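Worksheet for the structure shown next.
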Amino acid sequence: MRGRLRPWLAAVHRWLGIAVGLPFVLLGLTGSVLVFYIELDQWLNPVIRPERPSSGSAVSWAQVVARLQALPGGQLRGWRVEVPLTDTRPIMARQLRDLPDRRFSPRMVTLDPQTLAVTSDRLWGEFAATFIYDLHYSLAMGPLGQQVVGWIGWVNLLLLLAGFALWWPSGRRWPRALRPSLRLRRHVFWYDLHTKAGAYVGLFVAALAFTGAVLALPQVVAPVLAIVSSPQKLPTPMARATVRDRMIDADRAVAIASEVFPQARLRWIETPHGPDGVYRIRLHTPGEPSLRFPRTYVWIDPWSGEVLAQHSPAQHTGADTFLAWQHPLHNGEAFGLPGRILVCCLGLMPLLWLLSGLVRWRFTVRARRRAAQRTTHRPVHALPALPRVETSSGDGT
């Protein structure tokens, strides 16, 4: 059966590779960079690095928020303040902005954790790390580009599965197929490089293509998930205190959230926006796959300090759990630094496959052309000469 399907699989693999090979390479290379995009930003812009590592003393989040609100335009909207994961990172804050010509372009501010000095004040997309992020997520084309990237992800998944099916050896050939060796003859070296690289890491890259497609096209995945389990919608509570004399500060809001989830680690502080805005404190509880973007929340009335709502992974449906794993799997964060390094290396594989596949195809086309030429110019051997028959002339007398 597989023998009959092999020509079809080869055609699918070849033409899908030609169609999406370059976008696949672009997404792979940008993905490799984005695994360490915060470190990249600090390397490209040393000014945002803290002058010295944190001394370990608790940061006053009320002072951090006050510093951000004191900036020009700092009180126009609320802030999302990210708690540094290490003492070598700055405090990063985002202020969402309403720009009609852009889908997502928050104001990005970094503060020195010790002095609260503003070390950068930029817009998303206007510096290298975020431009690469937009290139990877949407080809820098906004919502339409996000759709294109999502469908490229599904096509890449089909491309990889077709290649894996073509490589799949019969029972006795498994040891030879998995042997980590490359034959040195040119016409088989590139074949071995292409197929063995796919055999070793193809399924891992397929997992990245799958998670990327899910992240880019949630509206496509949601109806399928709903067959088994529907994701929950996060609540959107509004402040309901009747007496609004004095708003509680960020330190008090963090303390209240910590009482709700005492074992959790503070990750984000979102300040109120508008008259009915609330604090939204985001924390990481043990066992969550994403440390940077966990899914534990506490909503707090900024006037009364009342806990308006809370959400944690303990409340997750199966669909919620599935979705919570997609991003940390896609960037390797779910497995710590080794996982991030692995994903960074896997992002280079599409380039290797494209180059080796093109070289291999070139050898194949050249071999077929030579075979056709030999058939066309094959000399036609002459038929053996017949014996000459002597005849006599005259009347026979």
Quiz item: Going through the stretch 259-283 one residue at a time, which ones are within 14 Å of Pro237 (Cβ to Cβ) and among the basic types (Lys, Arg)?
Solution: Arg280
Practice problem: Give the stretch 322-340 a look and list any residue that's of a type in the set (A, V, I, L, M, F, W, C) and either touching a residue at least 24 places away in the same chain (Cβ under 8 Å) or under 18 Å from Leu157 (Cβ atoms) (or both), or say none. | Solution: Phe322, Leu323, Ala324, Trp325, Leu329, Ala334
Practice problem: Having 3 or more residues that are within 22 Å of the chain's Cα centre (by Cα), more than 30 Å from Ala367 (Cβ to Cβ) and of a type outside the set (Gly, Ala, Ser) is the bar; report the helices (runs of 4 or more DSSP H) wholly within the stretch 119-225 that clear it. | Solution: 128-138, 142-167, 186-216
Quiz item: Residues in the stretch 45-55: is at least one in contact with a Ser or Thr (Cβ under 8 Å, 6 or more places away or on another chain), over 15 Å from Ser120 (Cβ atoms) and assigned to a loop (DSSP other than H, G, I, E, B)?
Solution: yes
Self-check item: Subset of the stretch 314-339 [surrounded by fewer than 17 Cβ atoms within 10 Å (Cβ to Cβ) and on the phi < 0 side of the Ramachandran plot]
Solution: Ala314, Gln315, Thr317, Gly318, Thr321, Phe322, Trp325, Phe335, Leu337, Pro338, Gly339
Quiz prompt | Hits in the stretch 50-79 (condition: modelled with pLDDT under 95, in contact with a strand residue (DSSP E or B) (Cβ under 8 Å, 6 or more places away or on another chain) and basic (Lys, Arg)) | solution = Arg77
Quiz item: Looking at this structure, is Val118 in contact with a strand residue (DSSP E or B) (Cβ under 9 Å, 6 or more places away or on another chain), modelled with pLDDT of 90 or more, surrounded by fewer than 18 Cβ atoms within 10 Å (Cβ to Cβ) and not small (Gly, Ala, Ser)?
Solution: yes
Quiz item: In the stretch 244-281, what count of residues is obtained for those that are modelled with pLDDT under 95, within 18 Å of Leu76 (Cβ to Cβ) and acidic (Asp, Glu)?
Solution: 1
Quiz item: Going by the structure shown, is Ser105 among the hydroxyl-bearing types (Ser, Thr, Tyr), surrounded by fewer than 16 Cβ atoms within 10 Å (Cβ to Cβ) and modelled with pLDDT under 85?
Solution: no
Quiz item: From the set of residues in the stretch 241-289 that are acidic (Asp, Glu) and within 17 Å of Asp301 (Cα to Cα), which is surrounded by the most Cβ atoms within 10 Å (Cβ to Cβ)?
Solution: Glu270
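The values are calculated or read from the model by the stated rules, or taken from the named source; none is laboratory data. Here the structure is a predicted model, which means the values were calculated and not measured. Reconstructed Cβ throughout: ideal geometry from the backbone, glycine too, with neighbour counts over all protein chains shown.
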